[in-house]
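Participant: Just dropping this structure here.
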Amino acid sequence: MTDLTRRRMCAAALALPLAASLRVARAAETAGPPYTFRGRSYAPTGSRVARRMTWTGPLPFDRTYAELTPGEIAYMRDQYDKIDADEEPPFPVDGLRVIFDAFDLAIDPSTPRFDPGPVVLVAKVDDKGAVDSVAVYKSPHAFVTSGLTQALLKTPFKPARKAGTPVAMPFLLKVDLQ
């Protein structure tokens, strides 16, 4: 192997992660600004500690899949490896807000405020739109993990479609707890 070939191979190996990160950055730019969902206000408990949780994410919380912009749909599709043009990923029937409303109602108001941080979960959605299981990849607290898992398991989804036929496909949920 010549020195020139070795340099080209090294340059190509270094360019792959950069190209992938640029692709994700471009998709995030087209998805729009980070969207925010603020949980319900709790009755005062005698302290001035805020109990309301605020979530931010790259997709709007109050829209269904049909109401997403082309940039937001491109961002969703970019989260999947090798998704074909005739495929459509799963999405909550009534939008992401349903997941966080269910979480907000399930959490005990006396629970202390959670540490902020990213949350990454993957729900396996079957061809009928039901969630079979949830895998948690990142979460700032066990309460967040269990609450969002329970909320996802109860949330009805529009199943993924391939050539118009419902199919099973995972749903990636990436948000930040503020």
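Participant: Would any residue of segment 123-162 have its amide N under 15 Å from a label point 7 Å out along Cα→Cβ of Asp94? List them or say none.
Facilitator: Under 15 Å, as judged by backbone N against the label point of Asp94, lie 151-158 of segment 123-162.
Participant: Quick one: which residues, 5 or more positions from Ile83 or on another chain, have an amide H under 5 Å from its amide H? H modelled 1.01 Å from N in the peptide plane, none for Pro or chain starts.
Facilitator: It is none; the list stays empty.
Participant: Please list 3J(HN,Hα) in residue order for segment 146-156, calculated via the Karplus relation 6.51 cos²θ - 1.76 cosθ + 1.60 where θ = phi - 60°; whole Hz, with x for glycine and proline.
Facilitator: Running phi through 6.51 cos²θ - 1.76 cosθ + 1.60 with θ = phi - 60° gives 5, x, 6, 4, 5, 5, 5, 5, 8, 7, x Hz.
Participant: Quick one: if you take sqrt(5λ) for each eigenvalue of the C-alpha gyration tensor of segment 97-158, what semi-axes come out, biggest first, whole angstrom? Write down the numbers at each step before the final one.
Facilitator: On the way: eigenvalues 94, 37, 13 Å².
Square roots of five times the eigenvalues give 22, 14, 8 Å.
Participant: Taking θ = phi - 60°, what integer Hz values does the Karplus form 6.51 cos²θ - 1.76 cosθ + 1.60 yield along segment 161-172, in sequence order, with x for Gly and Pro?
Facilitator: Residue by residue, segment 161-172 yields 10, 10, 6, x, 9, x, 9, 7, 7, x, 10, 8 Hz.
Participant: Hey, another quick one. Express in whole angstrom the spacing between the alpha-carbon centres of segment 108-170 and segment 49-102.
Facilitator: 12
FYI, it's all coordinate maths here, none of it is from the lab. This is a predicted model, so every value here is computed, not measured. A quick note on method: Cβ atoms are made from the backbone with ideal geometry, for glycine too, and the neighbour counts reach across all protein chains shown.
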